[in-house]
1. Report the antiparallel proportion of the DSSP beta bridges in the chain as a percent, rounded to a multiple of 5.
2. Once you order the gyration tensor axes a ≥ b ≥ c over the Cα atoms, which shape class does the chain get: rounded for a/c under 1.5, otherwise prolate or oblate by comparing a/b with b/c?
3. Return a single number: how many Lys pairs in the chain, at a sequence separation of 8 or more or on separate chains, have alpha-carbon atoms below 27 angstrom apart.
4. Pulled fully out, how much extra length does the chain show between Val92 and Glu107, if you take 0.36 nm times their separation in residues and subtract their Cα-Cα distance?
5. Using a simple spin-label model with points 7 Å from Cα along the Cα→Cβ vector, what separation in nm is obtained for Glu359 and Asp278?
6. With r as the distance between the Cβ atoms of Ser241 and Ala291 and R0 = 30 Å, compute the FRET efficiency 1/(1 + (r/R0)^6) and round to 0.05.
7. Find the relative contact order for region 311-380 and round it to a whole percent, using C-alpha pairs within less than 8 Å whose residues are 6+ positions apart.
8. Just want to confirm a number: the relative contact order over the chain, from Cα pairs under 8 angstrom separated by 6+ residues, in percent.
Amino acid sequence: MIASPPPLSLYVHVPWCVRKCPYCDFNSHQAKGEPPFADYVDALLRDLDQDLPMVWGRPVQSVFFGGGTPSLMPPEQIDRFLQGASARLQLVPGCEITLETNPGTAEHGRFEGYLAAGVNRLSFGIQSFDDGCLRRLGRIHDSREAEAAVKLATDAGFDNFNLDLMYALPGQDLDMAVHDLERAFALGPSHVSHYQLTLEPNTLFAARPPACLPDDDLAWDMQEHCQALLAERGFEQYEVSAYARAGRQCRHNLNYWAYGDYLGIGAGAHGKVTFGHDGSILRRWKQRHPARYLASAGTPANIGGDDRVAPAQRAFEFMLNALRLVEGFGLDTFELRTGLPRTTIQPRLEAASARGWLEIAGDRVRPTPLGRRFTNDVVSLFLAPPA
């Protein structure tokens with residue numbers, strides 16, 4: 001039994017982008033003309049109203065606008081949504097509100113508008129500062145536009161922002177990967193997401209892999225060198241691909257990784273809600289296509305599916321998230337979030353520890369450096385139902 005539900009966040013999906021990137025497997029759709037943002041905000045609020053009974057009275061610690069390209073949405077529509085959301089939900093004081101931003105959509109005045117609306121954290125999809133790499137990735141911006149967008153944001157008053165960077169890009173060598181980080185540091189981010197390009201199923205890159213991809217050895221060299229450089233510049237790694245200055249970890253993503261709850265609204269959005277009265281956990285997702293979403297938001301037809309997470313699935317789900325964290329998790333948190341006694345996973349924890357993948361100290365479980373390198377193997381130990 002779960003005594004009380006975990007912290008709650010709100011995820012808002014904006015499905016449109018200027019152009020679909022060949023590596024992207026998110027629910028994003030190339031915009032044909034100006035998307036109907038005013039109608040979409042109306043639909044988002046109807047969607048939220050439908051989910052509200054599941055979370056009555058629970059405070060919301062973070063809001064995250066993801067996509068797609070949320071920065072296509074005019075500030076006045078972000079403001080209208082946040083006003084509607086705050087009238088329906090209790091946003092905690094200092095609630096972290098993040099907007100994903102494509103540098104190719106930055107305009108004078110937009111960032112001032114987002115800040116006035118209540119957005120207090122930005123996440124820039126830079127990916128690289130090398131124009132050749134950006135072209136090969138299908139990005140709509142170049143390095144000059146990337147730097148200009150960040151400067152517009154800082155001039156507007158944003159001091160809490162993330163830069164997304166990828167490595168092991170087509171045609172990239174070690175010096176180029178390091179140079180990307182140096183260019184990022186010069187812009188003064190509080191957070192850096194640094195992750196390897198992967199060829200995800202159902203993407204253009206998976207169907208037609210790009211030429212000149214770095215091999216595994218070179219990709220590993222890039223990771224090691226860049227991790228050392230990030231640490232040297234004061235960015236502490238707290239998750240597999242997330243690095244932050246002190247106190248600037250992404251609270252929204254931390255809630256995901258700690259198996260917290262989140263409402264997911266918007267086309268294709270996924271949510272997870274724990275019910276304290278019976279200890280059940282529900283995963284819910286919404287209609288993926290924007291037109292169908294707009295037509296059905298707030299009605300039963302908008303719900304793409306509801307799935308109750310059986311107790312036998314929870315250990316794996318928890319580990320899939322928590323073992324991404326450098327600091328790991330407490331066994332008391334495992335019990336609180338899953339409703340399972342720690343004894344259900346003890347044999348597997350010991351097996352992972354014997355292989356050098358986990359360090360167990362009292363109630364604390366942390367992945368070792370070897371375990372972080374082989375996260376998928378560690379998590380797979382928890383796939384089968386508990387004995």
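1. Values: 25 of 61 bridges.
So the antiparallel bridges in the chain amount to around 40 percent.
2. Values: a/c = 1.59, a/b = 1.06, b/c = 1.50.
In terms of gyration-tensor shape, oblate.
3. Numbers: Lys20/Lys32; Lys20/Lys151; Lys20/Lys286; Lys32/Lys286; Lys272/Lys286.
Value for the chain: 5.
4. On the way: separation 15, 0.36 × 15 = 5.40 nm, distance 3.00 nm.
Length difference between fully extended and current span is 2.4 nm.
5. About 4.3 nm separates the two model spin labels.
6. 0.35
7. Numbers: 77 pairs, mean separation 25.6, N = 70.
The value is 37 percent.
8. On the way: 734 pairs, mean separation 70.2, N = 387.
Relative contact order for the chain comes out at 18 percent.
Each reported figure results from applying straightforward, stated rules to the coordinates on display, with no laboratory input. Quantities reported herein were computed from a predicted structural model and do not represent experimental measurements. We place every Cβ from the backbone using ideal geometry, glycine too, and count neighbours over all the protein chains shown.
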